[in-house]
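The values are calculated or read from the model by the stated rules, or taken from the named source; none is laboratory data. This structure is a prediction, so every number in the text was calculated from the model and none was measured. No Cβ is skipped: glycine too gets one built from the backbone with ideal geometry, and neighbour counts run over all protein chains shown.
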Amino acid sequence: MTTPKVKIILDTDPGGDDAFALLWLLSLVKQGLVNLIAVTTVDGNVHAKYTFVGASKLLKLAGFDDVEVAKGIIGGSASDIEDAGSLHGADGMGNLTHMLPECTNNYETARFADEVLIEKLNALPGEITIIAIAPLTNLAAAEIKSPGILKKAKQIIIMGGAFLTHGNLTPEAEFNIAYDAIAAKIVFQSRDDLIVLPLDVTRKLIFTNLIAQNIIKVNINSAISRFIRSLCEFMCQNALSYRETNGLEGFLVHDAVTLAYLFYPETLSFRRALVKIETAGEWTMGKTLFDNRHKTKVGANAWVAMDVDPVNLLAAMSEDLKILIQNT
Ligand SMILES: [Ca+2]
């Protein structure tokens, strides 16, 4: 008896760490473990148009350009916040899109993400896992247009938030949540079993040039290898500039942690919590909160990862990326 494939919609805003998460996901597709239903892109690290193009080109690079890519809803609640182009490159891809193949996907004619989410979740109720590694604008838009639709997902896995650690967009708030805090609030009210992977764990996931070199030597001349090496070099340099890694050489592969939850859950531990999103604070907009006093957990809506085994997580990621690169 074979294990059924995990049906996934990836909601993403590539983004250097999104690129590594997507490539890891595509390895799992290649291994027959995942059925990638769609990729929905969103305004976030860079403008929605660039995240659409970036995701489309990455799919083409790895030979999976038959997967539908949807474009992001524009106009989240925090759209006056500066994007993260300075960290991820103006194109979100480390200014390396010239290394990626041309794709035929057309931003102007592509469907919007909320339409695709609603259609797919209605077609396969209870079957699709949503991996959300970007501001939650698209998911909230789908929920507003079709109330209750997010409950039709099998589960929703979110990279976002900062609980017992500082933020990265502001001193208190993490980027994915704070970029569109109203959207995050809607999503966090949509069901009681969200999987949340915050900065508390992703700050420990330091991906280095040495790790990249170890991965790509299985097929050093492939286009995917060349892209991984260049993107890693770009991200590591910028991470040092922004002091994201405590002075260590490397960059944080935040978004990749979502794949670890699904396929290597032994690398994470969780606590049950009622997570709330600050949407009115003068200095704390977009902060994620739970009651850390260990009272009864009435109304809990999430499982929040609080610890991670970074060595084994990055090892699993590395081995899967090697499989993606082999024979390409
Ligand atoms: Ca992202």
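Going residue by residue through the stretch 258-272, is there one that turns out to be assigned to a loop (DSSP other than H, G, I, E, B) and either in contact with a strand residue (DSSP E or B) (Cβ under 6 Å, 6 or more places away or on another chain) or not aromatic (Phe, Trp, Tyr) (or both)? Scanning the stretch 258-272, I find no residue that is assigned to a loop (DSSP other than H, G, I, E, B) and either in contact with a strand residue (DSSP E or B) (Cβ under 6 Å, 6 or more places away or on another chain) or not aromatic (Phe, Trp, Tyr) (or both), so the answer is no. Only residues that are in contact with a helix residue (DSSP H, G or I) (Cβ under 6 Å, 6 or more places away or on another chain) and under 20 Å from residue 307 (Cβ atoms) were counted across the stretch 165-175, and they come to 3. Only one entry in 29, 6, 67, 39 is within 29 Å of residue 319 (Cα to Cα), touching a residue at least 40 places away in the same chain (Cβ under 8 Å) and either within 16 Å of the ligand (Cβ to nearest atom) or in contact with a strand residue (DSSP E or B) (Cβ under 8 Å, 6 or more places away or on another chain) (or both), namely 6. Please go through the stretch 55-86 and give me each residue that is at negative phi, at pLDDT below 80 and not polar (S, T, N, Q), ordered by number. 76, 78, 80, 81, 82, 83, 84, 85 - these are the residues of the stretch 55-86 that are at negative phi, at pLDDT below 80 and not polar (S, T, N, Q). Evaluate the stretch 193-211: report whether one residue or more is more than 16 Å from the ligand (Cβ to nearest atom), assigned to a helix (DSSP H, G or I) and touching a Phe, Trp or Tyr at 6+ places or on another chain (Cβ under 9 Å). Yes; the residues of the stretch 193-211 include at least one that is more than 16 Å from the ligand (Cβ to nearest atom), assigned to a helix (DSSP H, G or I) and touching a Phe, Trp or Tyr at 6+ places or on another chain (Cβ under 9 Å). Among the residues that make up the stretch 75-87, is at least one of them farther than 29 Å from residue 170 by Cα, more than 12 Å from the ligand (Cβ to nearest atom) and small (Gly, Ala, Ser)? The answer is no, given that none of the residues of the stretch 75-87 is farther than 29 Å from residue 170 by Cα, more than 12 Å from the ligand (Cβ to nearest atom) and small (Gly, Ala, Ser).
Please determine whether any residue of the stretch 177-192 is outside any helix (DSSP H, G or I) and within 16 Å of residue 318 (Cβ to Cβ). Scanning the stretch 177-192 turns up no residue that is outside any helix (DSSP H, G or I) and within 16 Å of residue 318 (Cβ to Cβ). Any residue at all in the stretch 96-108 that is within 16 Å of the ligand (Cβ to nearest atom) and on the phi < 0 side of the Ramachandran plot? No - not one qualifying residue is present in the stretch 96-108.
One residue is enough: does the stretch 286-308 have a residue meeting the conditions surrounded by fewer than 16 Cβ atoms within 10 Å (Cβ to Cβ), farther than 16 Å from residue 160 by Cα and at pLDDT 90 or above? Scanning the stretch 286-308 turns up at least one residue that is surrounded by fewer than 16 Cβ atoms within 10 Å (Cβ to Cβ), farther than 16 Å from residue 160 by Cα and at pLDDT 90 or above.
So if I check each of 311, 275, 253, which one is surrounded by 13 or more Cβ atoms within 10 Å (Cβ to Cβ) and closer than 15 Å to residue 204 by Cα? One residue alone meets the criteria, 253. Restricted to the stretch 122-174, and to residues there that are of a type outside the set (A, V, I, L, M, F, W, C) and under 14 Å from residue 202 (Cα atoms), the residue that is nearest to the ligand (Cβ to nearest atom) is 160.
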